[in-house]
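Novice: My questions will all concern the structure given below.
Since every read-out is calculated from the coordinates, none of them should be taken as a lab result. Please read these numbers as outputs of a predicted model, since none were measured by experiment. Reconstructed Cβ throughout: ideal geometry from the backbone, glycine too, with neighbour counts over all protein chains shown.
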Ligand code: LLP
């Protein structure tokens with residue numbers, strides 16, 4: 001459930017009319033609901049009640065510092081994959097002890113920064129990374145707390161591009177190899193083994209793949225105990241899906257019950273890294289109709305938001321619902337292709353989508369855009385990054401301003417031979 005609802009035919013974000021925000025900020029813009037973020041965070045917290053846990057919000061899904069601060073205020077940690085995300089998490093006030101540093105490509109410089117920041121856990125994804133981390137930590141006379149991310153060879157049953165737990169995927173270390181890497185790690189002066197991690201993919205809509213992955217982890221924990229390791233933390237990753245357009249994913253409670261049943265009795269702290277399930281339905285992307293046309297009998301509605309602003313439909317064929325900000329009094333929904341202004345055919349949000357009559361200037365909202373929305377935006381077609389707005393009750397604030405053309409051109413540097 002989210003807090004974007006109609007009141008007398010007008011879409012509201014909590015107690016703020018979305019049209020009022022559009023009038024103040026212009027379009028397009030992302031709009032986040034604090035109450036929805038909090039509700040989703042609390043759903044996970046409730047689901048893990050009864051075991052020691054940390055919810056490490058996946059910053060890659062939404063790195064807006066106001067979003068991170070809202071979650072931090074509830075006790076959230078963070079899962080970060082770059083120095084940039086780590087800096088954002090720290091800027092939001094997230095306790096470094098609750099920060100997990102994930103990712104296959106951490107550089108020595110990033111490791112050094114993370115060590116200096118006292119992050120709670122590095123999730124190591126290769127032997128090569130382990131050796132590098134040991135070296136960086138030893139040079140600082142420090143010890144890096146690590147979990148090794150195992151690759152359980154589980155197909156998450158989701159889109160190929162966001163599946164991460166199959167044997168051939170680039171993520172994690174196969175268990176057979178990981179067991180040896182743990183032995184090496186235990187002997188390193190710069191490393192302290194504290195846990196095990198897994199993450200099999202994103203937008204997972206059934207419990208089966210989680211059950212397989214968690215079961216693999218439980219088996220690995222038993223083997224590690226037999227090998228003499230003191231495993232204190234089990235990081236189950238993220239991945240729980242959301243209902244974008246009719247999907248019916250398991251609830252956080254179902255997910256938490258499964259986790260507790262399989263790994264809750266092993267005497268370890270559980271870490272989870274949800275991103276989408278907290279942020280997706282806490283955000284909408286508001287746009288306005290720019291033009292309408294027909295092509296080969298097709299109704300085409302051109303909006304002012306493009307694939308550079310919101311890449312999910314183009315990248316993953318994702319289906320997001322699109323709703324009017326002011327419901328039409330009359331007129332039936334007719335199929336329309338809702339497309340953006342970017343010069344690519346892939347710049348389209350929905351095809352043959354039932355949409356009521358619209359006019360130039362009418363506002364539409366793309367739903368469930370709070371995760372993997374603004375974070376994936378680019379300046380393609382030299383379009384300005386769109387602002388982010390946060391709502392709380394009857395208040396709203398711009399939490400990242402719209403980029404300006406001055407910002408865009410400030411990045412321009414001519415070489416000396418081309419003059420001023
Ligand atoms: N932990 C790790 C190590 C991850 O790689 C991810 C997501 C998460 C947690 C959070 O997963 P979530 O709970 O959000 O499913 N851009 C794509 C999604 C990429 C997900 C990458 N990893 C999309 O828009 O669908």
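Novice: Shape verdict for the range 189-275, please, from the Cα gyration tensor: rounded (a/c under 1.5), prolate (a/b greater than b/c) or oblate.
Specialist: On the way: a/c = 2.72, a/b = 2.09, b/c = 1.30.
Taking the square roots of the gyration eigenvalues as a ≥ b ≥ c, the range 189-275 is prolate.
Novice: Something else: Can you give the FRET efficiency for residue 91 and residue 135, using 1/(1 + (r/R0)^6), R0 = 25 Å, r = Cβ-Cβ distance, to the nearest 0.05? Mind dumping the intermediate values first?
Specialist: On the way: r = 28 Å, r/R0 = 1.13.
Computed FRET efficiency for residue 91 and residue 135 comes out at 0.35.
Novice: Same structure, new question: By per-residue mean of other Cβ atoms within 10 Å, what is the highest-first order of 379-392, 219-232?
Specialist: On the way: 379-392: 19.6, 219-232: 15.1.
Highest mean packing first, the order is 379-392, 219-232.
Novice: Here's a follow-up. Just to compare against my own numbers: the Cα pair-distance distribution for the chain, 10 Å bins, whole % per bin, please.
Specialist: 5, 21, 29, 23, 14, 6, 1, 0
Novice: Starting with the highest mean, order 87-94, 282-289 by the number of other Cβ atoms within 10 Å, averaged over the residues of each peptide.
Specialist: On the way: 87-94: 19.4, 282-289: 26.4.
In descending order of packing, they fall as 282-289, 87-94.
Novice: Also, quick follow-up: If one takes the longest principal axis of the Cα atoms in the chain, at what angle in degrees, from 0 to 90 and to the nearest 10, does the Cα axis of helix 208-226 lie?
Specialist: Helix 208-226 and the main axis of the chain meet at about 20 degrees.
Novice: How far, in nm, would the chain grow between residue 394 and residue 343 when pulled straight, counting 0.36 nm per residue and subtracting the alpha carbon separation?
Specialist: Details: separation 51, 0.36 × 51 = 18.36 nm, distance 3.81 nm.
That works out to 14.5 nm of additional length.
Novice: I need the calculated FRET efficiency for the pair residue 405 and residue 332, taking r as the beta carbon distance and R₀ as 51 Å, to the nearest 0.05.
Specialist: Numbers: r = 41 Å, r/R0 = 0.80.
For R0 = 51 Å, the calculated efficiency reads 0.80.
Novice: Moving on. Going by the alpha-carbon gyration tensor, a ≥ b ≥ c the square roots of its eigenvalues, is the range 34-279 rounded (a/c under 1.5) or, if a/c is not under 1.5, prolate (a/b greater than b/c) versus oblate?
Specialist: oblate
Novice: Need the full-extension length gain, residue 1 to residue 376, defined as separation in residues times 0.36 nm minus the C-alpha distance. One decimal, nm. Before the final figure, lay out each step's value.
Specialist: On the way: separation 375, 0.36 × 375 = 135.00 nm, distance 2.42 nm.
Between residue 1 and residue 376, full extension yields an extra 132.6 nm.
Novice: One quarter of the convex hull surface, Cα atoms only: what value does that give for the range 252-331 in nm²? Walk me through the numbers before you get to the answer.
Specialist: Details: hull surface 36.8 nm².
If you wrap the Cα atoms of the range 252-331 in a convex hull and average its projections, you get 9.2 nm².
Novice: Label 7 Å along Cα→Cβ of residue 73; the range 1-43 residues with amide nitrogen under 17 Å?
Specialist: Answer for the range 1-43: 3, 14-16, 32-43.
Novice: How big is the antiparallel share of DSSP beta bridges in the range 34-279, given as a percent to the nearest 5? Present the calculation step by step, with values, prior to reporting the outcome.
Specialist: Values: 1 of 30 bridges.
If I count the DSSP bridges inside the range 34-279, around 5 percent turn out antiparallel.
Novice: Going by how many other Cβ atoms sit within 10 Å of their own, how do 263, 413, 100 line up, fewest first? Could the numbers behind the result be given before it?
Specialist: Working: 263 19, 413 6, 100 26.
Going from least to most buried by this count: 413, 263, 100.
Novice: Let me ask something else. Given 0.36 nm per residue, what is the gain on full extension from residue 290 to residue 317 after removing their alpha carbon distance, in nm? Walk me through the numbers on the way to the answer.
Specialist: Details: separation 27, 0.36 × 27 = 9.72 nm, distance 2.30 nm.
In short, 7.4 nm is gained.
Novice: Quick one: compute the contact order of the chain, relative version, from alpha carbon pairs under 8 angstrom and 6+ residues apart, as a percent. It would help to have the intermediate numbers written out before the result.
Specialist: Values: 950 pairs, mean separation 80.6, N = 420.
The value is 19 percent.
Novice: For the range 199-331, what is the percent of antiparallel DSSP beta bridges, rounded to the nearest 5? Could you put the intermediate results ahead of the total?
Specialist: On the way: 6 of 10 bridges.
In the range 199-331, approximately 60 percent of DSSP beta bridges are antiparallel ones.
Novice: I've got another one for you. If you take every DSSP beta bridge whose two residues both sit in the chain, what share of them, in percent to the nearest 5, is antiparallel?
Specialist: Values: 35 of 71 bridges.
In the chain, DSSP labels about 50 percent of beta bridges as antiparallel.
Novice: Mind checking the angle between helix 252-263 and the chain's longest principal axis? C-alpha axes, 0 to 90 degrees, to the nearest 10.
Specialist: Helix 252-263 and the main axis of the chain meet at about 10 degrees.
Novice: Pairs of Cα atoms under 8 Å, at least six residues apart: use those to get the relative contact order of the range 1-112, whole percent. Can you show the working numbers first?
Specialist: Working: 125 pairs, mean separation 20.9, N = 112.
Once divided by the residue count of the range 1-112, the mean separation gives 19 percent.
Novice: Sticking with this structure for a sec: From the helices alone, meaning DSSP H stretches of at least four residues, give me the mean residue ellipticity at 222 nm for the chain, per-run term -39500 (n - 2.57), in deg cm²/dmol to the nearest 500. Before the final figure, lay out each step's value.
Specialist: Numbers: 12 runs with 119 residues, N = 420.
It lands at -8500 deg cm²/dmol.
Novice: Could I ask something else about it? As an exercise, use a Förster radius of 41 Å and the Cβ-Cβ distance of residue 161 and residue 257 to find the FRET efficiency, rounded to the nearest 0.05. All intermediate terms of the calculation are to be shown ahead of the outcome.
Specialist: On the way: r = 29 Å, r/R0 = 0.71.
About 0.90, to the nearest 0.05.
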